[in-house]
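Chemist: Quick one: the structure is below, questions incoming.
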Amino acid sequence: MFFRMIKGAFTRQWKKMMMIALTVALGSSLATAMINVMMDVGDKVNQELKTYGANITVVPKSSSVVNSLYEIEGADTQAYLLESELGNIKTIFWAFNIVDFAPFIDTKAELGGEQIRLVGTWFDHHLELPTGETLNTGVQNLRTWWDITEGEWLSERTWDKDTDPVMVGEALAKRMSLHSGDTVTLSTLSGNKDFVVAGIYSSGDEADDEMFAPMDTVQLLSDKDGYLSSIEVSALTTPDNELAIKAAKDPGSLTISQYETWYCTAYCSSICYQIQEVITDSVASPVRQVADSEGAILEKTHLLMLLITILSLVGSALGITNLVTASVMERSNEIGLLKAIGATNGAISALVLSEIMLTGIVGAAVGYFAGFGFAQIIGQTVFGSSIEMKLFVIPIVAVLVIAVVLVGSLPAIRMLLSLRPAEVLHGR
Amino acid sequence: MVVALLAISVGAAILSGLVTIYYDVPRQMGAQFRNYGANMILVSSGTDTEFDLDAVQDAVSLISGDELVGVTPYRYETVKIHDQPVVAAGTDMNGARTTSPYWHIEGEWPAEGQALVGKTEAEHLGLKVGSTFNVTYSGEGDEEVTDDFGTDMTVSGILETGGSEEDYIYISLDELEEIAGDGSLDIAEVSVSAVKESLNDYADRINNADLGVSARLVKRVTSSESSVLTKLQALVLIVTIVVLVLTMICVATTMTAVVTERRREIGLRKALGASDGSIIGEFMGEGVMLGIIGGILGAVLGFVFAQFISMNVFSSSISFRPLLLPVTVIVSVAVTGLACLSPVRSAIDVDPALVLKGE
Amino acid sequence: MSLLQLKNISKIYGELKALDDVSLEVENGEWLAIMGPSGSGKSTLMNIIGCMDKPSVGEVILDGRDIAKESDKGLTEIRREKIGLIFQQFHLVNYLTAVENVMVAQYYHSLPDEKEALEALERVGLADRAKHLPSQLSGGEQQRVCIARALINHPEIVLADEPTGNLDEANENIVIDIFKQLHNEGTTLIVVTHDPEVGEVAQRMIVLDHGKIKTDRVNPDFGK
């Protein structure tokens, strides 16, 4: 009979129930969308902040020390990193968080009587990792702020092998009146070499006076085959906290459990530490300008989204509570009758609560999927990528909806129970 | 009634709160982005005018005061410390704090007679916080050394940035002048809290003002900032729209429920001879009143909420937008009006006799 | 011993004495009509007899139990077990069919039994309308569903509040006929009404005025 009554209420009063379900659905879709977006906004904004370039630089341990101490300009005493170890960066614990990286080596060259810096690097290097993964990485991703004013980005993979390409800074190109497609002859330590200008870029910094060429070309020119002078790494990191700061100073000062927490969290310092572990004689340090700002911006964005989420949750909770209260109160006549014909308080509460809960569950389920849609709309329009749906949002939303519906209906039910059937039935 | 009013004010509060935040995000977040440091640099334009502090002041005065976060002049000279050549930068330490908030300093910012030493340089020279060193200036080329005995300075802090700053030592401009004599500035960093377009505008204005100073934007910072900021604002916008639409529907359903509950009253009025028009008019009037009261209440509440968020997230206050009050009120009136219309109409179609009999 | 005994009961709302020292005994199988103008205390008396309210002063003994001493829960139980209620406004659950409305009473009493419920509807001549919703039934039919519901649990007392108040003459007669039939079967009937025609057919009639019993007489023409 109980179920017949509930069935009756649903099949024959579906409009009323629909309205409650709709409100619950709206509320829960909002909650689902906002919680999902909030959970993902960190990662998304983090990705966006990658446009600022690398947040970690790796240099050989004692390059400049040796260089300056003995004031030797000769390259032989300078320390270098090994190119063969580069792939190791993608094998560390936080490998998944390493978005891009590029090695650098530079050499001096002469052009038109002027000493210039020729930098060798990867542009869009195709890398096959020992893990079987493949990856395209290089300065194309690490110098997003470069404007290509002439020609196009140098591509290692599509460049015709017969000539050697080079990219030239805008200021330098202007001084030397170089244009894309021109051939330039650079005189270096190991003789003259012809390059074809693939593109001219404007960077707004000292790179405007430099030239960039593929790694292996510059290594050959400077007789440093297989060696690198620095690596720039762009990694997704977690904003530093006290533990990270303490660890950055000296990982040895941590207790074992602190160490594990630190090592297994994507702090900038722990990623640096892990890179040092896989690259021989290297020092990896955070680029403060980028790493610190990222932390601050991420934190603010997170907090902002959290508060907006709370705001919208409170709003939808109030909306649901309102309607549930109104709809329960509306039924005072029916409840009065049921009491008059002998229904106990328990039986009435069970009936009303089951109906409301059932409506709530239907609404919440519909709302969850609608919220999924909303989250995707937000993800696609704002970040151009989908928002990852976290499974744990389901129980959160379910608990929230149940709590809100319960809280919304309890005062009304209490009021109904205190009704005297005589009062209701005589229409007072 | 209370239920309806509550629903409307909550809806209006969310509307005004989120819109306020939406408009304030670029300003507030922009301030956060100043963590990235200077986004404009001033250099000598190569004319005869000397590039000095006055020229920098003149150039900076073209930038609106509340958008200017900080300005720091730099003069680089090669000096010798323990007979090693070192690049010394003379600067204004207070300026450096604002334009380079990302500098990590182990120790203290320098006072008089003190210097900030880059981490790499400190390692070469074996300097620690508190060490004393002697600076001499060898002059450019073959010039005579201006001060035979040099100047003694203490290290107040070691600078760590992960960038080229680690290769320099930083002292105040006055002290660099004492050591190396008069000289012009090399560069001035300016940090401006503004979007890319107005930055370009400022740069053009400075370049056209013929101050002997040319302004250049730090592309890495400006272009990245505008791309990230656009995304963030779009995020808040979309979220605002989604929340608004859902809230409005919530308000509308609540209003519908409230009006539907009053069918009996509508039936009674009809039975008493009220015309359909007058009933609609009365109910709509009530709806509009509710919309106005709820709207005003909500606008105020929303501002309080936005203020709360701003204080908590950005620790700075938000300015009240007077225009938002009428907009909130109009939107809530429109929503309540629309929400009342259809249930009132359907209630009017009902036979009054049936309604009064308690159907 | 009488089925229902009211001993010097009063019901006081603030200043107003809705019932003022009323005493009344109802025998098993009796058909009593309670009449009186509006405000005479009819409804208050009915609420007390129907175990929906308690007197301020006095004792109400129904089948040996004192209602005035019962808790709300106890009252609910007595209502369920001993009383069948018929309302002027029928008060059917509008999303349940006729037979389901009858079954609701069974459900709260013991176990719903559709067959029994259908038989109850048949008794009031509504077997063919069993699957209809209240909104599809006429006023008279709704009232008969209400009666079927009141009877389904074989109550000691059937209490009707203005049962014909919302009905036309034809339906009124149908309802009176059902009452007669119930009386003949030995059911105790208490009908609150201000319709003299309904009052006249009862076995005994009391008239309330200002909270006191003004007249209490046995109908001499009863059964003729």
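Chemist: Of all residues in the stretch A:359-374, count the ones that are over 19 Å from A:Lys7 (Cβ atoms) and surrounded by fewer than 24 Cβ atoms within 10 Å (Cβ to Cβ).
Modeler: 6
Chemist: Taking the criterion of being assigned to a helix (DSSP H, G or I), farther than 27 Å from B:Val19 by Cβ, of a type outside the set (Phe, Trp, Tyr) and within 14 Å of another protein chain (Cβ to nearest Cβ), would at least one residue in the stretch B:283-304 satisfy it?
Modeler: Within the stretch B:283-304, not a single residue is assigned to a helix (DSSP H, G or I), farther than 27 Å from B:Val19 by Cβ, of a type outside the set (Phe, Trp, Tyr) and within 14 Å of another protein chain (Cβ to nearest Cβ).
Chemist: If you take the residues in the stretch B:157-172 that are crowded, with 20+ Cβ neighbours inside 10 Å and in a helix (DSSP H, G or I), which one is farthest from the chain's Cα centre (by Cα)?
Modeler: Looking at residues that are crowded, with 20+ Cβ neighbours inside 10 Å and in a helix (DSSP H, G or I), I get B:Glu166.
Chemist: Further question: Can you tell me which of C:Gly84, C:Gly125 is of a type in the set (Gly, Ala, Ser) and on the phi > 0 side of the Ramachandran plot?
Modeler: Details: C:Gly84 fails: on the phi > 0 side of the Ramachandran plot.
Going through C:Gly84, C:Gly125 in turn, the sole match is C:Gly125.
Chemist: Give the residue that is nearest to A:Lys300 (Cα to Cα), with candidates limited to residues of the stretch B:214-228 that are surrounded by fewer than 23 Cβ atoms within 10 Å (Cβ to Cβ) and more than 8 Å from chain A (Cβ to nearest Cβ).
Modeler: B:Ser226
Chemist: Still on this structure: Determine, yes or no, whether A:Asp223 is surrounded by fewer than 20 Cβ atoms within 10 Å (Cβ to Cβ) and modelled with pLDDT under 85. Outline the logic, then answer.
Modeler: Numbers: surrounded by fewer than 20 Cβ atoms within 10 Å (Cβ to Cβ): yes; modelled with pLDDT under 85: yes.
Criteria met by A:Asp223.
Chemist: If A:Ala31 satisfies all but one of (1) away from chain C (no Cβ under 14 Å); (2) surrounded by fewer than 21 Cβ atoms within 10 Å (Cβ to Cβ); (3) touching a Leu at 6+ places or on another chain (Cβ under 6 Å), what's the number of the condition it fails?
Modeler: Only one criterion is unmet by A:Ala31, namely (2).
Chemist: Scan the stretch B:251-282 for residues that are touching a residue at least 40 places away in the same chain (Cβ under 8 Å) and not in a helix (DSSP H, G or I) and jot them down.
Modeler: B:Arg262
Chemist: Please work out which residue is nearest to the other protein chains (Cβ to nearest Cβ), limiting yourself to the stretch B:4-49 and to residues that are hydroxyl-bearing (Ser, Thr, Tyr) and surrounded by fewer than 21 Cβ atoms within 10 Å (Cβ to Cβ).
Modeler: First, pick out the residues of the stretch B:4-49 that are hydroxyl-bearing (Ser, Thr, Tyr): B:9, B:16, B:20, B:22-23, B:36, B:44-45, B:47, B:49.
Retained after the next criterion (residues that are surrounded by fewer than 21 Cβ atoms within 10 Å (Cβ to Cβ)): B:22-23, B:44-45, B:47, B:49.
Values: B:Tyr22: 10, B:Tyr23: 14, B:Ser44: 15, B:Ser45: 15, B:Thr47: 19, B:Thr49: 22 Å.
Going through the qualifying residues, I end up with B:Tyr22.
Chemist: Of the residues that make up the stretch A:342-351, is at least one in the same structural domain as A:Ser28 (by TED's automatic domain parsing), at positive phi and crowded, with 23+ Cβ neighbours inside 10 Å?
Modeler: There is at least one residue in the stretch A:342-351 that is in the same structural domain as A:Ser28 (by TED's automatic domain parsing), at positive phi and crowded, with 23+ Cβ neighbours inside 10 Å.
Chemist: May I pose another question? Just to check your reading of the model, which residue among A:Gly336, A:Gly367, A:Gly384 is away from chain C (no Cβ under 14 Å), in contact (Cβ under 8 Å) with a residue 40 or more places away in the chain and either more than 30 Å from C:Cys51 (Cβ to Cβ) or small (Gly, Ala, Ser) (or both)?
Modeler: Sole residue among the options that is away from chain C (no Cβ under 14 Å), in contact (Cβ under 8 Å) with a residue 40 or more places away in the chain and either more than 30 Å from C:Cys51 (Cβ to Cβ) or small (Gly, Ala, Ser) (or both): A:Gly367.
Chemist: Right, something else. Yes or no: the stretch B:137-153 includes at least one residue that is within 14 Å of another protein chain (Cβ to nearest Cβ), modelled with pLDDT of 80 or more and crowded, with 17+ Cβ neighbours inside 10 Å.
Modeler: Within the stretch B:137-153, not a single residue is within 14 Å of another protein chain (Cβ to nearest Cβ), modelled with pLDDT of 80 or more and crowded, with 17+ Cβ neighbours inside 10 Å.
Chemist: Looking only at the stretch A:117-161, count every residue that is assigned to a strand (DSSP E or B), polar (S, T, N, Q) and over 24 Å from the mean Cα position of the chain (by Cα) and tell me the total.
Modeler: Number of matching residues: 2.
Chemist: Oh, and also: Collect the residues in the stretch A:300-333 that are touching a Gly at 6+ places or on another chain (Cβ under 7 Å), within 8 Å of chain B (Cβ to nearest Cβ) and closer than 30 Å to B:Met29 by Cβ, keeping them in residue-number order.
Modeler: Passing the criteria: A:Leu311, A:Ser316, A:Gly319.
Chemist: Given the criterion in contact with a helix residue (DSSP H, G or I) (Cβ under 6 Å, 6 or more places away or on another chain) and not assigned by TED's automatic domain parsing to the domain that holds B:Glu67, identify the matching residue among B:Ile238, B:Ile206.
Modeler: None of the other options fit; the residue is B:Ile238.
The values are calculated or read from the model by the stated rules, or taken from the named source; none is laboratory data. On a predicted model such as this, the values are computed, not experimentally measured, just so you know. Here the Cβ is made from the backbone with ideal geometry for all residues, glycine too, and neighbour counts use every protein chain on show.
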